[in-house]
There are 2 protein chains.
Amino acid sequence: MTLSEAEVIEAIRTVSPARADVIRGIGDDGAVLEPPPGLQLVSVLDTLNEGVHFPAGTEPAAVGHRALAVNLSDLAAMGAEPAWAELSLSLPVPDRDWVRGFAGGLGELAKRWHVAIVGGDTVEGPLSISVHLTGFVHPGRALTRDGARPGDVVFVTGAPGEAMAGLGLLRSGAPGSRLIERFLWPEPRVAEGQALAGLATAAIDLSDGLATDAGRIAAASGARIVIEADDLPVAPELVGLFGESMSIDAIIAGGDDYELCFTTTPERKADLLAVARHWRCALSRIGRVERGGGVGFEKGGRPFVPDLSRSWSHFSGGGA
Amino acid sequence: MTLSEAEVIEAIRTVSPARADVIRGIGDDGAVLEPPPGLQLVSVLDTLNEGVHFPAGTEPAAVGHRALAVNLSDLAAMGAEPAWAELSLSLPVPDRDWVRGFAGGLGELAKRWHVAIVGGDTVEGPLSISVHLTGFVHPGRALTRDGARPGDVVFVTGAPGEAMAGLGLLRSGAPGSRLIERFLWPEPRVAEGQALAGLATAAIDLSDGLATDAGRIAAASGARIVIEADDLPVAPELVGLFGESMSIDAIIAGGDDYELCFTTTPERKADLLAVARHWRCALSRIGRVERGGGVGFEKGGRPFVPDLSRSWSHFSGGGA
């Protein structure tokens, strides 16, 4: 059964939490919003295309979750508190069950972080979802990529590499596992990112893999990041499936992790660990910042060259 | 020649005007923005898909112009002053000439309205452009769709119907004309919309045609709108090409006009006309608001049923 444009919009509207700072939400030419006095805004826009950012046929609730999660992850990397989302939904056919599933996955994550869906667009076209998200941050406290300094230490939240392994298992038709869930239902580190504002010197979220994204901090900061492979958080499950060496490569090459990679000064490390005791994810010190540029890797105290060409295809037995 | 993702982003970054309220623009996980104290925000997000919202092969500068224009038009319909844009660009192949042309068309319109392009996303996929735009409005002055009251008068800016006729000529391969330019280079009524804040009782921008969009004001306001066909602004050029009857249908069915349709009280009409003397587009009184619902049409003082099934295909000699 297909829905009209009005019914699609209604399906989205009904899953949105209410917020007092939304003066006008869905239903006019634009949303009218009341920004909080004295705060700055952080603004992000990300698009997911079927077959590029998620496999064709992915369950609609997971697509809805992902569309908001990747944007929440960007806000987390800026240390911002999420507030308002706009959704543009491009659909070949507005199938009722698909739209309801999508709205359900989107709405559940929106409720968890108190994000109001205030507007957007519904258009005909190949399956594609764009979400714009606005958050708040205290002036001067936004986390950026350019503040890492030689002597800083490098941390990562959670378990990077698992999503890529999960995508590989998914594509190979392997039975459902925790790793596949990790790919399908990424958990943006929203609370952790906000806690890092004022503590981290630089931060980024891991969407393209640890090596690539840590390299972005290094480039923006004009410094070198050295990843110490022995300190990477390697899940026993990953090692059991793929062996230790390939697991470390997965963590470094990764992708779709939506963990936070950040730097801080040695002096702030105690404060950081105190804060992180309340987190629901692991926190691992994985390296250091030095003079120079780029990203280097060490293992057993010696330089080490990971196989960055490894991608999900290695985990699914090949084939794109 | 194809561009890397970094080169695409750089091509967009270089055409963006600078603004003092952009603390961090393109280049981090999100933009950091300083909202003006005491103002509300108006937020819009629109997506254009190739083959749906513009014909395949449309010159890239016109696509860039359009992607921002449709969002500027939404802000105009809210009476807001545009400020910050985010762009998500989905491209099958990042061809250098296409990207430069697109950025040129986008940037020229952005400069005209002092809109900074502060962030976004570049992804692989079918050609599709999403633009999010934020504007400012004084509290309580945003134009909405729900304020039309019986006794109000209905106005329209510029010349609706011309864009639809132009699209028809374009698809039929007719030689370039002013009407084709009207479709390819819509002129959002940004200054006019801002001037209407405080003057209009309800407003909408014409993207889906006068009948449909006036119907949205009627539905939101709980009133009936009567369009007086004799007062519609019919360009002699349109009549010369298609005859008077079909021209009136084009104005009513329309689409892609990006003119403003709005209502105001008879008492404010003099103020409105005084303000409109400075406008660069025509202003036409085209009807009235009554008790009831829906949209009606009159011609020579008698009810009239336009052919709303007319679309560009009628103007191009048929065929979708």
Does region A:89-97 contain at least one residue that is within 30 Å of A:I252 (Cβ to Cβ) and either touching a helix residue (DSSP H, G or I) at 6+ places or on another chain (Cβ under 7 Å) or more than 9 Å from chain B (Cβ to nearest Cβ) (or both)? no
I need the full set of residues from region B:198-215 which are surrounded by fewer than 24 Cβ atoms within 10 Å (Cβ to Cβ) and farther than 20 Å from B:D46 by Cα, in order please. B:G198, B:L199, B:T201, B:A211, B:G215
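Within region A:145-165, is there a residue that is in contact with a strand residue (DSSP E or B) (Cβ under 7 Å, 6 or more places away or on another chain), modelled with pLDDT of 95 or more and within 27 Å of A:S90 (Cα to Cα)?
Step one: filter region A:145-165 for residues in contact with a strand residue (DSSP E or B) (Cβ under 7 Å, 6 or more places away or on another chain), giving A:145-157.
Next, only the ones that are modelled with pLDDT of 95 or more stay: A:145-157.
From the residues that got through so far, the ones that are within 27 Å of A:S90 (Cα to Cα) too are none.
So far as region A:145-165 goes, no, none of its residues is in contact with a strand residue (DSSP E or B) (Cβ under 7 Å, 6 or more places away or on another chain), modelled with pLDDT of 95 or more and within 27 Å of A:S90 (Cα to Cα).
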B:V99 versus (1) in a helix (DSSP H, G or I); (2) β-branched (V, I, T); (3) within 19 Å of A:D46 (Cβ to Cβ): which is the lone unmet condition? (3)
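Go through the residues of region A:168-182 one by one and say whether even a single one is within 14 Å of chain B (Cβ to nearest Cβ) and either under 30 Å from A:E290 (Cβ atoms) or surrounded by fewer than 19 Cβ atoms within 10 Å (Cβ to Cβ) (or both).
Taking region A:168-182 as the starting set, the residues that turn out to be within 14 Å of chain B (Cβ to nearest Cβ) are none.
Among the residues of region A:168-182, not one is within 14 Å of chain B (Cβ to nearest Cβ) and either under 30 Å from A:E290 (Cβ atoms) or surrounded by fewer than 19 Cβ atoms within 10 Å (Cβ to Cβ) (or both), which makes the answer no.
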From the list A:R141, A:R100, A:R96, A:R149, pick out the single residue that is in contact with a Gly (Cβ under 7 Å, 6 or more places away or on another chain) and surrounded by fewer than 22 Cβ atoms within 10 Å (Cβ to Cβ). A:R141
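Among the residues of region A:118-133, are any farther than 21 Å from B:L48 by Cα and not in a loop (DSSP other than H, G, I, E, B)? So that I can check it myself, show each step before the final result.
Taking region A:118-133 as the starting set, the residues that turn out to be farther than 21 Å from B:L48 by Cα are none.
No, there is no match, as no residue in region A:118-133 is farther than 21 Å from B:L48 by Cα and not in a loop (DSSP other than H, G, I, E, B).
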Under the condition of being buried (at least 24 other Cβ atoms within 10 Å of the Cβ) and at the interface with chain A (Cβ under 7 Å from one of its Cβ atoms), which residue from region B:120-136 is nearest to B:I12 (Cα to Cα)? B:G120
What number of residues within region B:241-277 are without any contact (Cβ under 8 Å) to a residue 24 or more places away in the chain and not in a helix (DSSP H, G or I)? 2
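Criterion first (surrounded by fewer than 16 Cβ atoms within 10 Å (Cβ to Cβ) and touching a residue at least 12 places away in the same chain (Cβ under 8 Å)) does B:T47 satisfy it? Step through it out loud before you land on a result.
Numbers: surrounded by fewer than 16 Cβ atoms within 10 Å (Cβ to Cβ): no; touching a residue at least 12 places away in the same chain (Cβ under 8 Å): yes.
Against the criterion (surrounded by fewer than 16 Cβ atoms within 10 Å (Cβ to Cβ) and touching a residue at least 12 places away in the same chain (Cβ under 8 Å)), B:T47 does not qualify.
The values are calculated or read from the model by the stated rules, or taken from the named source; none is laboratory data. Since this is a predicted model, take the numbers as computed values, not measurements. Positions of Cβ are generated from backbone atoms using ideal geometry, with glycine treated the same way; all protein chains shown enter the neighbour counts.
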